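Written out below as structure tokens is the structure these notes cover.
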Amino acid sequence: MVRLFPLWDKAVAEVILENVTKVFSGDVVAVKDVSLEIKDKEFLVLVGPSGCGKSTTLRMVAGLEETTDGTIKIGDRVVNDVPPKDRDIAMVFQNYALYPHMSVYKNMAFALKLRRQPKAEIDERVKAAAKILGIGNLLDRKPKALSGGQRQRVALGRAIVRQPKAFLFDEPLSNLDAKLRVEMRAELKRLHRRLETTMIYVTHDQVEAMTLGDRIVVMKDGVVQQAAEPLTVYDCPANQFVAGFIGTPPMNFVKGTVAKSNGGLAFDEGTCRLALPERFCENLAPFEGKEVIFGIRPEDVKTSAIDSPSVGKIGVTVNVVEPLGDEMILYLSTGKNELVSKVNAHQQVAVNDKVEALLDLSKAHIFDPASGRNMTLDGAVGET
């Protein structure tokens with residue numbers, strides 16, 4: 001029976017970025033003053049739209065890009081001037097980067113042969129990795145004889161056999177179809193739990209980020225917007241960008257003003273007023289009479305009774321109905337604004353129906369239109 005990497009020295013593998021900046025020629029700032037502490041054995045996901053700096057950040061950790069400013073540590077060693085091959089990390093790319101003329105076994109063993117590892121140890125590591133990934137029966141095949149999912153497993157196996165301090169993943173599932181992406185996400189979660197190694201993962205897919213990460217870092221224009229556990233980012237977004245980027249369908253945003261109402265505050269949408277929860281009032285008092293942005297997630301907008309002590313009601317017209325099997329997406333119009341609702345698929349709702357939208361105001365957010373800051377949050381909700 002093959003043992004599971006008996007020689008792997010699981011040294012502490014914290015990865016720390018201190019005020020890291022990357023400026024390309026032409027004064028293009030790709031990453032700006034990023035400070036992160038990735039804990040030993042943590043699965044951290046960098047997520048954001050194209051051009052947000054997530055891949056550049058990963059490449060600086062790998063040593064494939066030089067930092068313009070700041071410090072990067074892996075373990076207790078500053079690695080700014082350390083070549084990639086000496087950083088004790090393994091990187092998995094989007095395009096697999098397999099040698100087409102080599103068998104699966106030789107692809108996985110190649111880096112170990114370059115390091116002149118003993119033949120018996122190479123054989124043990126390759127077979128152990130193949131067993132973990134379920135590709136033991138593919139070791140004699142060439143990459144062209146493999147499916148996309150199998151090639152991705154080989155790329156993972158090639159990284160695993162190196163027994164690195166940290167794994168770096170640069171959008172490794174982007175080339176796979178939807179079903180296979182779901183399967184590989186589960187595979188990566190199991191792999192992380194089994195190997196107990198630090199992993200840093202880059203993706204533009206917020207579903208991947210939410211399902212994979214112990215913690216996710218949302219980036220925009222080279223700046224960290226929020227770093228926190230997935231549910232914290234979802235329930236307590238630090239700003240309007242994070243709120244709109246994380247979640248499918250994205251959060252509803254409606255412009256309006258803060259107004260007095262029965263001794264408290266309300267959001268005036270233009271066609272109706274929604275009484276805001278009392279806990280919002282202290283933070284929103286300075287915005288009385290001013291324009292703000294009201295945010296609420298589609299699942300918190302219903303067309304039937306909801307179990308909440310704080311319900312706001314708006315008369316709406318159903319414009320579009322999208323059945324998705326177990327649920328339905330409704331596009332609603334107030335006459336002035338549009339709302340998206342996620343409801344049970346068996347509700348009897350049709351296009352042009354006039355219904356009452358019920359909003360769970362206890363889960364609403366109010367954003368400052370100037371800064372985008374979430375003004376309904378109390379205390380820290382992750383780095384911003």
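The values are calculated or read from the model by the stated rules, or taken from the named source; none is laboratory data. Nothing here was measured: the structure is a model prediction, and the numbers come from that model. As a convention, Cβ positions derive from the backbone with ideal geometry for all residues, glycine included, and neighbour counts pool all protein chains shown. Please note that ligands, DNA and RNA were not included when accessible areas were found on the heavy atoms of the full protein model with its side chains. Shrake-Rupley method; radii C 1.70, N 1.55, O 1.52, S 1.80 Å.
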* **the range 155-170 - phi-based ³J(HN,Hα) in whole Hz, Karplus 6.51/-1.76/1.60, Gly and Pro as x** => 4, 5, x, 4, 6, 4, 4, 6, 6, x, 6, 8, 9, 10, 10, 10
* Asked: Which ³J(HN,Hα) values in Hz, rounded to whole numbers, follow from the phi angles of the range 110-120 under the Karplus curve 6.51 cos²θ - 1.76 cosθ + 1.60, where θ = phi - 60° and Gly and Pro get x?
  -> 4, 4, 5, 5, 4, 8, 6, 6, x, 4, 5
* How far, in nm, would the chain grow between Phe110 and Glu299 when pulled straight, counting 0.36 nm per residue and subtracting the alpha carbon separation? -> 63.1 nm
* Asked: Under the definition of Cα pairs under 8 Å and six or more residues apart, what whole-number percent is the relative contact order of the range 201-344?
  -> 16 percent
* Structure fact -> Sequence order, the range 194-200: Karplus ³J(HN,Hα) from phi using 6.51 cos²θ - 1.76 cosθ + 1.60, θ = phi - 60°, Hz rounded, Gly and Pro as x, gives 6, 7, 6, 10, 5, 10, 10
* Give the long-range amide H neighbours of Thr303: residues separated by 5 or more places, or on another chain, with amide H under 5 Å away, using H modelled in the peptide plane at 1.01 Å from N. => Leu358
* Structure fact -> Per GNM of the chain with C-alpha springs under 10 angstrom, the most fluctuating residue out of Val31, Val351, Val104 is Val351
* Asked: With every protein chain present, what accessible area does Leu231 have (1.4 Å probe, heavy atoms only), rounded to the nearest 10 Å²?
  -> 120 Å²
* Under the definition of Cα pairs under 8 Å and six or more residues apart, what whole-number percent is the relative contact order of the chain? -> 16 percent
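Which value at 222 nm does the chain reach when only helices count, each DSSP H run of 4 or more adding -39,500 (n - 2.57), with the total divided by all residues and rounded to the nearest 500 deg cm²/dmol?
-7000 deg cm²/dmol
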* Gain on full stretching of the segment that runs from Lys131 to Val311 - 0.36 nm per residue minus C-alpha separation -> 59.5 nm
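Using R₀ = 35 Å, calculate the FRET efficiency as 1/(1 + (r/R₀)^6) where r is the Cβ-Cβ separation of Asp33 and Lys189; round to 0.05. Spell out each step's value before the answer.
Values: r = 31 Å, r/R0 = 0.90.
Computed FRET efficiency for Asp33 and Lys189: 0.65.
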* Asked: Can you list the aspartates and glutamates whose alpha carbon sits under 16 Å from that of Lys41, skipping same-chain ones fewer than 8 residues off?
  -> Asp9, Glu14, Asp76, Asp88, Glu196, Asp214, Glu229
* Asked: Amide H neighbours of Gln347 under 5 Å, counting only residues 5+ apart in sequence or on other chains, H built in-plane at 1.01 Å?
  -> none
* **Where Cα atoms sit under 25 Å apart: lysine pairs in the range 140-216 separated by 8 or more or lying on different chains** => 4
* Taking R0 as 51 Å, what's the FRET efficiency between Lys354 and Ser174 from their Cβ-Cβ distance, rounded to 0.05? -> 0.75
* To do: Mind scanning Lys85/Lys131; Lys54/Lys106; Lys85/Lys113 and naming the pairs with a C-alpha gap bigger than 22 Å?
  => Lys85/Lys131; Lys54/Lys106
* Asked: Per-residue accessible area for His204 at 1.4 Å probe radius, Å² rounded to 10?
  -> 90 Å²
* **Given (i) 22.6, 68; (ii) 20.2, 65; (iii) 24.8, 79, the label whose value is Rg and Dmax of the Cα atoms in Å derived from this model** => (iii)
* For Lys354, go through the lysines and keep the ones whose alpha-carbon is under 19 Å away, minus same-chain ones fewer than eight residues off. => Lys302, Lys313, Lys336, Lys342
* **For Gln225, residues with placed amide H under 5 Å, excluding near neighbours** => Val218, Met219, Lys220
* Can you list the aspartates and glutamates whose alpha carbon sits under 19 Å from that of Lys290, skipping same-chain ones fewer than 8 residues off? -> Asp268, Glu269, Glu278, Glu282, Asp368
* **Added length on full extension, which subtracts the Cα-Cα distance from 0.36 nm per residue, Glu327 to Asp235** => 31.0 nm
